[in-house]
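See structure below.
The numbers here are math on the coordinates, done by the rules we state, and not lab data. Treat the numbers as computed from the prediction; the structure is a model and nothing was measured.
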Amino acid sequence: MTPETLPRPPLTCGFIRPPEPAPLSLWRPPMSHLGIAAGQEPVGVTPVPPGLEESGTRLWESVAEGFDLDVHEQLLLLQACRTADLLDRLARRAEGAELTVFNAKGEQVTAPWITEHRQQSLVLARLLASLRLPSGEDDERPQRRGAARGSYGVRGVA
């Protein structure tokens, strides 16, 4: 038998590719706390999310009522509000308390709530800066800022 006369296997024999799986939809965290269903754009003023305390509520109302925020900006604002509430709790904890404590080695160190307050203050400043809110009477948001070194580059590098 020559190769031309050999019987060919039926087309259904051999490797059969399994059917393609249905495409997975991208998982998105539920945004019910923002009053936004998945895939919807925010409309008007978004109500204050539940669980915020006094400072967080005041911050949310002052920003959300004055600006039309996208969903990612609302999430940044929510984290900033929670951070503001945490700063209030840490400040209440520090009232009347010692500023230093003794660690396990017997050394006098800064109290952990003081250190945490400083760190959370930096977090709040960065969250608010990332929202790019105007700082004055201008109605426009400030321009995006460039790299930390600007256009000058690193010294000593040609």
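Derived value for the range 48-129: Kirkwood hydrodynamic radius 14.1 Å. Basis is the mean of 1/r over every pair of different alpha-carbon atoms.
For the range 48-129, what's the relative contact order in percent, using C-alpha pairs closer than 8 Å and at least 6 residues apart? Result for the range 48-129 is 31 percent.
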